[in-house]
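See below for the structure under consideration.
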Amino acid sequence: MKTAVEELTPTRVKLTIEVPFEELKPSLDKAYKELAKQVRLKGFRPGKAPARLIDQYVGRGAVLQEAVNDALPGLYGAAIEEKELFVLSQPEVEVTKLDDGKELEFTAEVDIRPNFEVPEYDGLPVTVEEAVVTDEEIAQTLDNLRDRFATLTVAERPAAEKDNVTIDLVAVIDGEDVEDAATKGFSYEVGSEGAVEGLNEAVTGLSAGESATFKSTLVAGSRAGEEADVTVTVQSVKVKELPEADDEFAQLASEFDTIEELREDVRKRLDRQKKLNQISEARDNALEALLEKVDIPVPESVVKTELQRRNEQLDQQLGFSGMTREAYLAEEGKTAEEFEAELEEAAAKAVRGGFILDQLAVNEELGVENEELSEYVVSQAMQMGLPPQQLAQFLTENNQIPALVAEVLRSKALNLVVEHVKITDSAGNELDLEALRREINGETDSDAVEVVEEAAEADVAVEAVEAEAEKTEDSTKE
């Protein structure tokens, strides 16, 4: 077999593959056996008809077509392996020559990962936010906690910002009530985000028993996207009273005896979260810095696939929250065109990031151990609130193991980059991420025990994942 590669673009090639006819013999023999089972010839048992009679009965062309269809996937795969191409899409195959007894020739156009050199990353400067906990952040966190223990008291006055009001809503379009947009006894805080557009302004200044009408675009229901006349009627106005931030509150809301102990615990938790954020930010910014040093073209088809995945994921999340895309865009203050452009840019960047991490994994000959897959499954299950066995079974049954292996490989490649870059915070302090991790883990021993227990619980299910992973190991290395 002879293969020639023509570069159509940096991300798409055309392979021309010439195959001597003798290499089709196994597929021809298979075609005759299959067709022999389908024909009934007098004097021959099913499946025993000779090749010359099958040629006469179904035609030599049909036999050749059957053989070529059987041989093409293997021949194409061998050509890809020979030329060491990293394909990203299904090929467009065309048989250009079939000379019976002499030669088969076909072409295959396919998107590939482009060739590029991973830039030097040793000492690459990366900046993250400084992990400083302010008194204001501690006070805000305590206020949020106090808010959870607040009491509501009826106020004999007009509603104002931060008041809790109970209201009835009625929406009318062209004189008709919109039944699925009406609600009674709805409770919300005046001034809160996510309220019906115009509601905060309309309800401010109303006392119990008073009403106001305003125009608003409906974001859900049968008339979503249409403008309606919305009437709000206030049933009651209540003022929220927060408990004093004192020792009594600390004992009520926590395991601590004094407010100072609670405040110190809040400081430690905020500090830990900021340091976790530094680690996450370092990873993101390290990849961003690496991408800025190399221009990597991306196939349009791959970006479209990633864009579709992100849109489907967003629609699923919005569906769970009961929000329409129109309402989401209104909340974000973006048009559909602006949002789609941002999403496409993010999709293209994600594809480029995947390319560079894949290439780095190849350059450094990184592999994935079964234990690493097990840990990944357990951590993902914990984040999703699922039993590890359930997630492992889902991944196996839905053929997600190759994607899982690729994800773990990319994570290892990014870890390698982060180990070699120079990380400083916004104040100019150089950071040691490994020291940060040790510090964080030292504060979360109970979490570590929980992970170990979860891992032990998942062992049986993860065995299936590991078995599937072994099947994909060779293809991953390619």
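Relative to the Cα centre, the charge distribution of the chain, modelled as +1 at Lys and Arg Cβ and -1 at Asp and Glu Cβ, gives a dipole magnitude of about 2940 debye. With R₀ set to 41 Å, the beta-carbon distance separating E371 from E82 gives a calculated FRET efficiency near 0.75.
Ranked by the mean number of other Cβ atoms within 10 Å of their residues, highest first, the peptides 359-371, 280-292 fall in the order 280-292, 359-371. Peptides 124-130, 434-440, ordered by how many other C-beta atoms sit within 10 Å of their residues on average, highest first, read 124-130, 434-440. Please work out the C-alpha center-to-center distance from the range 201-254 to the range 358-437 and express it in whole Å. First find each Cα centre; the distance between them is then 44 Å.
With the dipole of the chain worked out from charges on the C-beta (+1 for Lys and Arg, -1 for Asp and Glu) around the Cα centre, which of I423, G354, T141 lies farthest toward the positive end? Positive-most Cα among the choices belongs to G354. The range 140-199 and the range 269-319 have Cα centres lying 36 Å from one another.
Across all directions, the average flat footprint of the convex hull enclosing the Cα atoms of the chain is 34.9 nm². Applying a length cut-off of 27 Å (Cα extent along the axis) and a mean Kyte-Doolittle floor of 0.5 to the DSSP H helices of the chain leaves 401-420.
Farthest towards the positive end of the charge dipole of the range 151-241, among the residues G205, V170, V232, is the Cα of G205, using unit charges on the Cβ of Lys, Arg, Asp and Glu. Here the chain carries DSSP beta bridges of which approximately 95% are antiparallel, counting only pairs with both residues inside. Of the peptides 416-422, 95-101, the ranking by mean beta-carbon count within 10 Å, highest at the top, reads 416-422, 95-101.
Take the residue pairs K2/K412; K162/K184; K37/K102 and return only those whose Cα atoms are more than 31 Å apart.
Long pairs (Cα-Cα over 31 Å): K2/K412.
Ordering A220, A79, P119 by the projection of their Cα atoms onto the charge dipole of the chain, which places +1 on the Cβ of Lys and Arg and -1 on the Cβ of Asp and Glu, puts A79 at the extreme positive end. A Förster radius of 35 Å combined with the Cβ-Cβ distance from Q140 to F186 puts the calculated FRET efficiency at roughly 0.80.
Each value in this text was obtained by applying a stated rule to the coordinates, not by laboratory testing. A quick note: this is a predicted structure, and the numbers were derived from the prediction, not measured. Cβ coordinates were reconstructed from backbone atoms using ideal geometry, including for glycine residues, and neighbour counts include every protein chain displayed.
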